[in-house]
1. Computing the accessible area with a 1.4 Å probe over protein heavy atoms, can you report the carbon and sulfur percentage for the chain?
2. Excluding residue 167 itself, calculate the net charge of residues whose Cβ lies under 15 Å from the Cβ of residue 167, where each Lys or Arg counts +1 and each Asp or Glu counts -1.
3. Can you list residues whose amide H is under 5 Å from residue 2's amide H, if they're 5+ apart or on another chain and H is modeled 1.01 Å from N?
4. Considering amide H positions built from the backbone, and no H for Pro or chain starts, which residues 5 or more places from residue 55, or on another chain, come under 5 Å of its amide H?
5. Given Cα positions, please report Rg to Rh for the chain, the hydrodynamic radius being the Kirkwood one.
6. Per the Cauchy relation, a quarter of the hull surface: what is the mean projected area of the convex hull of the alpha carbons in segment 88-157, in nm²?
7. Give me a comma-separated list of calculated 3J(HN,Hα) values for segment 208-214, in order, Karplus coefficients 6.51, -1.76, 1.60 applied at θ = phi - 60°, integers in Hz, x for any Gly or Pro.
8. Let me check something: with ligands and nucleic acids excluded, how do 154, 170, 195 order by accessible area (1.4 Å probe), largest to smallest?
Amino acid sequence: MKIFIDTADTAELKKAFDTGLVDGCTTNPSLIAKAGRDFKEVIAEICKMTDGPVSAEVASTDYETMLKEGRVLADIAQNVVVKLPLTWDGLKTCSDLTADNIKTNVTLCFTAQQAWLAAKAGATYISPFIGRLDDLGMDGMELIAEIRALYDAHGYETEVLAASIRSAAHVKDCAIVGADVATIPPSVFNKLLYHPLTANGLDAFEKDWASTGQSIL
Ligand code: G3P
C-alpha cells in the first residue's frame, strides 16, 4: 500500500518525504486554508519535493469552471492530480480531464455506489472518507472493503485512496482490506513507527553495549 501525506504544510511534508517511505501528497481546501499560503505556490512547491502524485482540489462546483480550474492546476506540474467532488458535474469534469490524460482524484466518497460511478468516469483515484463515517457511528473500513470488492469484481483500475484517516490502526486496517493508498495526516504518520517496547528496548541495548566497552568501527 502506498503512503500519501494529507497536508499542505511543506515543513511537515519535507520531514515525511525524508523518510524515503512516502509516495505522494493530498491537499484539500481546508488544508490550504490552514497553511495560510497561496494555493498554486504551495502546490508548485510540493510538486518539486516529489515525483509522486500531488492532489490539488478545484474550488468551484459547476462543470465549466471546474474543467477550467482543473486544466490550470494540471499545468502547474506533471505530477498534479486534479481533485474533484463526487457530484454529477464533478464526474463529468473527471471524464473530460481523463480524456485529456490528466490524473484525477474524486473526493468526498461515502458509499460504494459513488465509488462505482467515479470508476466509470475514469477516476485515477477514489477517496473514501473513513474517519467522517466513523464519526457518525458508521463503519468507514467496511466501505473500503466494499469498494475493493466492487472494483476487483469488475476490473476497474481506479485506485482506492483511503482518506480521513484518524489513527495508526486505521492505516493498518486499510492495508489489510486492500486499499491501494492511504493518505495520512503527519501526526498519524509519526505514530505508525512508535512503540514504547521498541524505544525502551533500544535504551536497554544501548546501555548494555556501552557496558562492554567495545566498538564495532
Ligand atoms: O483530504 C481529505 C481527508 O483526508 C480529510 O480528512 O480529517 O478532514 O476528515 P478529515
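1. Answer for the chain is 56 percent, counting heavy atoms of protein chains only.
2. Every neighbour counted, the sum reads -1.
3. Close amide H contacts, sequence-distant or interchain: 181, 182.
4. So residue 55 has HN proximity to 25, 26, 27, 81.
5. 1.07
6. If you wrap the Cα atoms of segment 88-157 in a convex hull and average its projections, you get 4.4 nm².
7. With coefficients 6.51, -1.76 and 1.60, one gets 5, 5, 4, 5, 7, x, 8 Hz.
8. 154, 195, 170
The values are calculated or read from the model by the stated rules, or taken from the named source; none is laboratory data. Model, not experiment: these values are computed from the prediction. Positions of Cβ are backbone-derived with ideal geometry, glycine not excepted, and every protein chain shown enters the neighbour counts. For the accessible areas, the whole protein counts, side chains as well, though only heavy atoms, and no ligand, DNA or RNA atoms are used. Shrake-Rupley method; radii C 1.70, N 1.55, O 1.52, S 1.80 Å.
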